[in-house]
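Shown next, in structure tokens, is the structure this report addresses.
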Amino acid sequence: MAEEKNLVQEFEKGRAQLMNVSAQKQQLTFQSQSLELTLTELEKSKEKKVLKAVGSILISVDKDEAQKEIKKQKDSADLKLKTIAKQEEVLVNKLNKLKTEIEGKTKKEK
């Protein structure tokens, strides 16, 4: 009975972690998509200079420089997204294993 309680607590803890990881994944996905859209719009632009928000001001920067910076940010977000996706997969597998274990112990006791 105590072992089953520990398994349930571990499952709940894992579920909370999964919710956090899923929220992070959603944020990173949105960030990556937003950066991709920004890159697309920059590529369409015929301007040599673009405005960049720095704090509460806008400054004029070279379009190519802005594209490199945004590409770097997107690559970073995509790498983090892959890492988060792997964490999510590991947590889902762990939770499925715990669920099976809990169900097995519950059936044994009945």
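Readers should treat all values here as calculations from the given coordinates under stated rules, not as data from a laboratory. Just so it is clear, the model here is predicted, and its values are computed rather than measured. Neighbour counts are summed over all protein chains in view; Cβ atoms, including those assigned to glycine, are modelled from backbone coordinates with ideal geometry.
Once C-alpha pairs closer than 8 Å and six or more residues apart are averaged by separation and normalised to the residue number of the range 46-102, the relative contact order reads 20 percent.
The mean sequence distance of close C-alpha pairs (under 8 Å, at least 6 residues apart), as a share of the length of the range 12-110, puts its relative contact order at 37 percent. A Gaussian network model of the chain, with springs between Cα atoms under 10 Å, assigns the largest mean-square fluctuation among S60, S76, S34 to S60. Among the trypsin sites (Lys or Arg not before Pro) in the range 1-105, those located in a DSSP loop and surrounded by at most 10 other Cβ atoms within 10 Å of their own Cβ are K46, K48.
Charges only on Cβ, +1 for Lys and Arg, -1 for Asp and Glu: so what's the dipole of the range 11-67 about the Cα centre, in debye to the nearest 20?
In debye, rounded to 20, the range 11-67 gives about 140.
The magnitude of the dipole of the range 2-109, with charges of +1 and -1 set on the Cβ of Lys/Arg and Asp/Glu and taken from the Cα centre, is near 80 debye.
Considering helices alone, the calculated mean residue ellipticity of the chain at 222 nm is -30500 deg cm²/dmol, with DSSP H runs of length four and up weighted by -39500 (n - 2.57) and normalised per residue.
Suppose the Debye formula is applied to equal point scatterers at every Cα of the chain; what is log10 I(q)/I(0) at q = 0.18 Å⁻¹? Treating every Cα as an identical point scatterer, log10 I(q)/I(0) equals -0.90. Partners of K5 within straight-line reach, counting lysines whose Cα lies under 23 Å from its Cα and excluding those fewer than 8 residues away in the same chain: K13, K94, K97, K99, K105, K107, K108, K110. Pairs exceeding a 29 Å alpha-carbon distance, out of K48/K86; K49/K74; K25/K68: K48/K86. Using only Cα coordinates, the Kirkwood hydrodynamic radius of the range 19-63 works out to 12.5 Å.
Look at where the Cα atoms of the range 79-110 and of the range 11-74 average out, and the two centres are 32 Å apart. For the residues A16, A53, A66, a GNM of the chain with alpha-carbon springs under 10 Å puts the largest fluctuation on A53.
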